[in-house]
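*Asks:* Sharing a structure with you now.
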Amino acid sequence: MVLIQINGKMVKAHEGEMVLSVLRREGIEVPALCDHQALEPGGSCRLCMVEITKADWDGWTKNVTSCLYPVEEGLIVSTHSEGVLEIRRNILDMLLARCPNSDVIQKLAEEHGVMKTSFDTLPDSDNCIMCYACTRVCEVLGKSAISAVMRGHKKVIASPFGDAPPDCIGCLSCAHICPTNVILWKDENGKRTIWNKSFDLITCKKCGKETISREFADYLLEQRDIPADYFETCDDCKRMELAFKMGGLVDGAEEVAI
Amino acid sequence: MTPDVKQIQKIIDQHHGDKSALITVLQDLQRKFNYIPPEGVTATAKALDVPLSKVYSVATFYSTFSLVPRGEKIIRICQGTACHIKGADLIQEQIEAGLNIKAGETSSDMKYTLEVVNCVGVCAMAPAVLVNDKMHGNVRCEKALKLVK
Amino acid sequence: MRIDSIPKLEKWRKKCQREYNSRKRKIFVCLGEACLANGSAEVYDEFKKELKKRKLSDVQVESAIKTGCHGFCALGPLVIIEPEGTFYTKVKVKNVAEIVEKTIKNHEVIDRLLYKDKKTKERIAEYGKIPFYEKQQRISLRNVGTIDPYKISDYIAVGGYTALSKALTDMSPKQVIDEVSKSKLRGRGGGGFSTGRKWATCAKVDDEPRYVICNGDEGDPGAFMDRTTMGSDPHSVLEGMILCAFGIGSTQGYIYVREEYPLAVVTLQNAIDEARDSGILGDNILGTDFCFDIKINRGGGAFVCGESSALMKSIAGEVGEPRAKYVRSVVKGLNDKPTVLNNVETFATIPVIIDKGAKWFAKIGTKTSTGTKVFSLAGKINNTGLVEVPMGISLREIVYDIGGGIPKGRKFKAVQTGGPSGGCLPAEKLDLKVDFDSLTEAGSMMGSGGMIIMDDRTCMVEIARYFLSFLVQESCGKCVPCREGLYQLHKICAKICEGQGTMEDIELMEKMSLTIQKASLCGLGQSGPNPLLSTLMYFKDEFITHVKDKKCPAGVCRDLIKFVITDDCTGCMACIKVCPVDAITGEKKKIHILDQELCTQCGSCFDICKFDSIEIK
């Protein structure tokens, strides 16, 4: 346990923990677009910047990204100093120029008092803020089907050669984790399409509902100790099945399940 | 012309599946074929057991890699600071106009590829132009085109 | 031949020295990149042919020696004849026979090939007497230009690996680090961090293996000292690294060389092979228990890989994206192991410090910046090339005494130091004593030591735009402030160059620059706005002129200027010849006519005109 001070209040933190995770636990709101609890911190959006100092720093302060800065005994953090707010406003100003049509960015910018970007907006913006959440989650899943391509301002998230990525299993993790909802996908007629790749969807053998892609199911079966027919029924039907089983034990459970 | 798969494999195999050799493998492929053939990217990923997307990411991140075939003559115009203030832009304009290609492009007859490089370190001889690794210093704008043709 | 003990190394040294000195008269032909570009390889071949043809007994064929760069690149190809030290400039193949006949055979000096002092108009015969060399003190460049970089025996003959044998015989690893600490050497790569402290911290980390990395990714445009050292004196870099490895307890080192330096890779690889064969690298160095080897990694053309964490990722075969350095690389560096990373010049200086002692070194330079620093002079200056001078020398001495001033009698306007992380200093700062701290205080940076001199034909707004454009191309794109912020700054600056800027634009640039500095993830972004901010600090008037008057005083920004031929035109036809778009017509001795419709405002005519009869409007 280490003791740190946040906005004047003494707070306990775990050794090795990042400042942002303490802020989250304490309910202190700090914007962070590239942060996700399932992922290692990346430090690319820079919005979670806070000001730190220590008693023996002679008043000297430093701006750090809270998602990457490990707590240390005696650390003094301020999350809403004027300097930090100015940085956040300016970064949102830059993001708004890049993604003028993103609801998420617009709302966040407005909350910080940035109503309109000071810059010329990017003409063909796709609302991607290059936070790498999608590529990181894909890596965590052990696939790394997509990656950041090119560099600098030309950098985009893409599949190798822009083709259907051979390693993609259609799990949709990238689309779900994307903070600005940029990654498009479609489920239609038993097929799922994402990254220009098409997947067969499993239909629940009980209710006929489409569930996950066949390749995703195969991948999970290969990775984990799961019964071979586990994915042949949908979650709802599985729950129902369980309720029926339990119905024998508790009266009325069947009706509740239905 | 499709690059010989065997040749690609031979180059890759020299590195015995060492993941950290990724950049070197791509450099070796480019040296052999003058660009990195897509087949080479795929084969590299397989041989080094690195995800294809990561190999592609590396191949597009570093500016010296080319994923498309390049011309017989590769002309590199230095745009370092010293070259810049001594008129590298003018030289670039002259060469672009003369070869009818922009920086980063290859002429349709596959004779010339024009590239821009951020400093080759011969600042004392600015402005500099490289033609297939042959260095030319103190290049005069009006003579630039003759030099590369 | 493998040397398996220190006494044997000293015995071998005697032999090397005999061989080195036996070449009675030596003809050094500079094969540095700049001289090569001017045909010095052909001059070298011609010397060999000529000497062979004449069968000169005391001047053996070998006595035409390939050397690395002599630094005085403006006058290449350079040839120096020892022992007299006769210094010939701009030597062509056709001069070779004459040099052999007159200078080698008859000890005559050929006057017209000697260096001519621009001020006194005197011809100077001797290498050391030329002002360009006179003020220099060469430590890092000590062997550059005087030994054959392909021969380890040459390096050993001039005292190479003496420091290593001293460390292995008389010193403990800790003593080596202490000596470096006491010398107060600061890293020559840009940041100026204490080298000794870096080594000491790394040595204390309880983790293994430890790595030594030499940063040869000299990405700052305008800096070329590291390329020269790697290509002309590779063993001094190796020796520095070996000493570091001995100090911190490392067994594996890497040299990361940028892709643009193919020659350096060849010389370094040759040096590594020779050192391995001689028992100076590899297992049981010089018969001791100490083992260390070095591998070369080539970069792929990315400026950001000069940043330590990006460089380490690149060595591991990954995309060169930096990581946040709240945990330092001396603790967790390459493969998350303790790593010391220093640049080429730093490592090349180490052997001298160990050999001559920290006290000797610390006496040179200033109190906080000890020793010497290599600067590369380029741009609008007469004597372009490499100079090594004690820290604390004034900019004026570098620009005027060593650099010989500004060509064509034009006016000095600014000196750019520190590359894309540094800034532009104006004439008022010419008396600044150059060291790490004074440059930072003045709003620039030491960086790796590039110095680009600018005259009144350089537009400072356009220079700021140029650096921003460079950084936009070279940003890795990982974090928002660097990727989006620098992109926007470049767009605004380009707008000002086109005469479309407003005063609000200037304010916006200043405001955003501060956020980019504070919020970027790595050094590239944090220092990225420096060139812009320093030009705004010293040359704001020029920005305002572009915005308010829609004029470019330097005559560079094409949308804002017009070239006009005045009545003073003598009709010399020089401008007609240089105009790339044939916009100027006219006859000899008649006033020429410039067609404004065709003119692209490139300024070639203005620069060539000797009679000041072209004006910028």
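The values are calculated or read from the model by the stated rules, or taken from the named source; none is laboratory data. Keep in mind that what you see is a predicted model, and the values were worked out from it rather than measured. Note that we place each Cβ from the backbone using ideal geometry, even for glycine, and neighbour counts take in every protein chain shown.
*Asks:* Take the residues in the range C:543-559 that are under 19 Å from B:His84 (Cα atoms) and in contact (Cβ under 8 Å) with a residue 60 or more places away in the chain, then tell me which one is surrounded by the fewest Cβ atoms within 10 Å (Cβ to Cβ).
*Replies:* Here the residue is C:Asp559.
For every residue, the table says whether it meets (1) within 28 Å of C:Glu498 (Cα to Cα); (2) outside any helix (DSSP H, G or I).
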site: C:Lys373; (1), (2): no, yes
site: C:Val389; (1), (2): no, yes
site: C:Arg396; (1), (2): no, no
site: C:Ala414; (1), (2): yes, yes
site: C:Pro420; (1), (2): yes, no
site: C:Leu425; (1), (2): yes, yes
site: C:Pro481; (1), (2): yes, no
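*Asks:* What about A:Gly8, is it facing chain C (nearest Cβ under 10 Å), farther than 17 Å from C:Ala324 by Cα and surrounded by fewer than 19 Cβ atoms within 10 Å (Cβ to Cβ)?
*Replies:* So A:Gly8 does not fit the description; no.
*Asks:* Which condition from (1) touching a helix residue (DSSP H, G or I) at 6+ places or on another chain (Cβ under 8 Å); (2) more than 8 Å from chain C (Cβ to nearest Cβ); (3) farther than 24 Å from B:Gln14 by Cα is the one that B:Ala59 breaks?
*Replies:* Failed condition: (3).
*Asks:* Quick one: would you say A:Ile4 is part of a helix (DSSP H, G or I) and aliphatic (A, V, I, L, M)?
*Replies:* Considered against the rule, which asks whether it is part of a helix (DSSP H, G or I) and aliphatic (A, V, I, L, M), A:Ile4 comes out as no.
*Asks:* When you scan the range C:210-219, how many residues do you find that are within 14 Å of chain B (Cβ to nearest Cβ) and either part of a loop (DSSP other than H, G, I, E, B) or modelled with pLDDT under 95 (or both)?
*Replies:* Looking only at that region, the number is 3.
*Asks:* Being away from chain A (no Cβ under 14 Å), over 31 Å from the mean Cα position of the chain (by Cα) and on the phi > 0 side of the Ramachandran plot is true for just one of C:Gly571, C:Gly555. Which residue is that?
*Replies:* Values: C:Gly555 fails: over 31 Å from the mean Cα position of the chain (by Cα).
Answer to the check: C:Gly571.
*Asks:* Let me ask something else. Is it fair to say C:Lys94 is assigned to a loop (DSSP other than H, G, I, E, B), among the charged types (D, E, K, R) and more than 26 Å from C:Tyr20 (Cα to Cα)?
*Replies:* no
*Asks:* I need the full set of residues from the range C:307-318 which are of a type in the set (A, V, I, L, M) and more than 10 Å from chain B (Cβ to nearest Cβ), in order please.
*Replies:* C:Ala310, C:Leu311, C:Met312 - these are the residues of the range C:307-318 that are of a type in the set (A, V, I, L, M) and more than 10 Å from chain B (Cβ to nearest Cβ).
*Asks:* Have a look at B:Gln27, B:Gln94 and point out the one that is facing chain C (nearest Cβ under 8 Å) and either touching a Pro at 6+ places or on another chain (Cβ under 8 Å) or hydroxyl-bearing (Ser, Thr, Tyr) (or both).
*Replies:* None of the other options fit; the residue is B:Gln94.
*Asks:* Taking the range C:220-238 as the search range and keeping residues that are within 13 Å of chain B (Cβ to nearest Cβ) and over 15 Å from C:Thr417 (Cβ atoms), which one is surrounded by the most Cβ atoms within 10 Å (Cβ to Cβ)?
*Replies:* Within the range C:220-238, the match that is surrounded by the most Cβ atoms within 10 Å (Cβ to Cβ) is C:Asp226.
*Asks:* Then there is this: Is there a residue being within 18 Å of the chain's Cα centre (by Cα), buried (at least 23 other Cβ atoms within 10 Å of the Cβ) and in contact (Cβ under 8 Å) with a residue 24 or more places away in the chain anywhere in the range C:274-290?
*Replies:* The answer is no, given that none of the residues of the range C:274-290 is within 18 Å of the chain's Cα centre (by Cα), buried (at least 23 other Cβ atoms within 10 Å of the Cβ) and in contact (Cβ under 8 Å) with a residue 24 or more places away in the chain.
*Asks:* Follow-up question, since we're still on this one. Please give the number of the condition C:Ser329 fails out of (1) surrounded by 24 or more Cβ atoms within 10 Å (Cβ to Cβ); (2) among the hydroxyl-bearing types (Ser, Thr, Tyr); (3) free of Cβ contacts under 8 Å to residues at least 60 places away in the same chain.
*Replies:* (1)
*Asks:* Keeping to the range A:149-158, report how many residues are part of a loop (DSSP other than H, G, I, E, B) and either among the aliphatic types (A, V, I, L, M) or away from chain C (no Cβ under 12 Å) (or both).
*Replies:* The number of residues fulfilling the criteria is 1.
*Asks:* C:Gly282: more than 20 Å from C:Ala200 (Cα to Cα), in contact with a Lys or Arg (Cβ under 6 Å, 6 or more places away or on another chain) and in the same structural domain as C:Phe224 (by TED's automatic domain parsing), yes or no?
*Replies:* Here the answer is yes, as C:Gly282 does meet what is asked.
*Asks:* Is it fair to say A:Ala175 is over 30 Å from C:Cys305 (Cα atoms) and either part of a loop (DSSP other than H, G, I, E, B) or of a type in the set (Gly, Ala, Ser) (or both)?
*Replies:* Judged against the criteria, A:Ala175 is a match.
*Asks:* Quick one: which of C:Asp148, C:Asp154 is among the acidic types (Asp, Glu), touching a residue at least 12 places away in the same chain (Cβ under 8 Å), crowded, with 21+ Cβ neighbours inside 10 Å and out of contact with any Pro (no Cβ under 8 Å at 6 or more places or on another chain)?
*Replies:* Answer to the check: C:Asp154.
*Asks:* Of the residues that make up the range C:281-295, is at least one among the β-branched types (Val, Ile, Thr), closer than 26 Å to C:Asn143 by Cα, away from chain B (no Cβ under 14 Å) and not in a loop (DSSP other than H, G, I, E, B)?
*Replies:* As a first pass, look at the range C:281-295 and keep what is among the β-branched types (Val, Ile, Thr): C:285, C:288, C:294.
Among the residues that remain, those that are also closer than 26 Å to C:Asn143 by Cα are: C:285, C:294.
Applying the additional criterion that residues be away from chain B (no Cβ under 14 Å) yields C:285, C:294.
Subsequent filtering for residues that are not in a loop (DSSP other than H, G, I, E, B) retains C:285, C:294.
Checking the range C:281-295: at least one residue is among the β-branched types (Val, Ile, Thr), closer than 26 Å to C:Asn143 by Cα, away from chain B (no Cβ under 14 Å) and not in a loop (DSSP other than H, G, I, E, B).
*Asks:* Tell me whether the range A:137-148 contains one or more residues that are closer than 15 Å to A:Trp195 by Cβ and within 11 Å of chain C (Cβ to nearest Cβ).
*Replies:* Within the range A:137-148, one or more residues are closer than 15 Å to A:Trp195 by Cβ and within 11 Å of chain C (Cβ to nearest Cβ).
*Asks:* Can I ask one more? Are there any pairs with C-beta distances below 7 angstrom linking a residue in the range A:234-246 that is under 18 Å from A:Ala217 (Cβ atoms) to a residue that is among the charged types (D, E, K, R), with the two at least 6 apart or on different chains, and if so which?
*Replies:* Correct list of pairs: A:Cys234/A:Lys209; A:Cys237/A:Lys206.
*Asks:* Name the residue that is nearest to the chain's Cα centre (by Cα), counting only residues in the range C:319-345 that are within 27 Å of C:Thr267 (Cβ to Cβ) and within 13 Å of another protein chain (Cβ to nearest Cβ).
*Replies:* Residue satisfying both the conditions and the ranking: C:Val344.
*Asks:* Something else about it: Being more than 16 Å from C:Leu9 (Cβ to Cβ), of a type in the set (S, T, N, Q) and assigned by TED's automatic domain parsing to the domain that holds C:Gly240 narrows it down to one of C:Ser140, C:Ser181, so name that one.
*Replies:* The unique qualifying residue is C:Ser181.
*Asks:* Working only within the range C:100-121, note down all residues that are β-branched (Val, Ile, Thr) and either touching a residue at least 40 places away in the same chain (Cβ under 8 Å) or not assigned by TED's automatic domain parsing to the domain that holds C:Asp45 (or both).
*Replies:* Those that are β-branched (Val, Ile, Thr) and either touching a residue at least 40 places away in the same chain (Cβ under 8 Å) or not assigned by TED's automatic domain parsing to the domain that holds C:Asp45 (or both): C:Val100, C:Ile104.
*Asks:* Taking the stated definitions as given, is C:Ser369 among the hydroxyl-bearing types (Ser, Thr, Tyr), closer than 28 Å to C:Leu281 by Cα, away from chain B (no Cβ under 14 Å) and touching a Lys or Arg at 6+ places or on another chain (Cβ under 9 Å)?
*Replies:* no
*Asks:* Pick out the one residue from C:Glu82, C:Glu98, C:Glu33 that is modelled with pLDDT of 80 or more, acidic (Asp, Glu) and crowded, with 23+ Cβ neighbours inside 10 Å. Show your work before the answer.
*Replies:* On the way: C:Glu82 fails: crowded, with 23+ Cβ neighbours inside 10 Å; C:Glu98 fails: crowded, with 23+ Cβ neighbours inside 10 Å.
Within the list C:Glu82, C:Glu98, C:Glu33, the selection yields C:Glu33.
*Asks:* Report, by residue number, each residue of the range C:308-367 that is part of a loop (DSSP other than H, G, I, E, B), β-branched (Val, Ile, Thr) and closer than 19 Å to C:Arg197 by Cβ.
*Replies:* C:Val327, C:Val330, C:Val331, C:Thr366 - these are the residues of the range C:308-367 that are part of a loop (DSSP other than H, G, I, E, B), β-branched (Val, Ile, Thr) and closer than 19 Å to C:Arg197 by Cβ.
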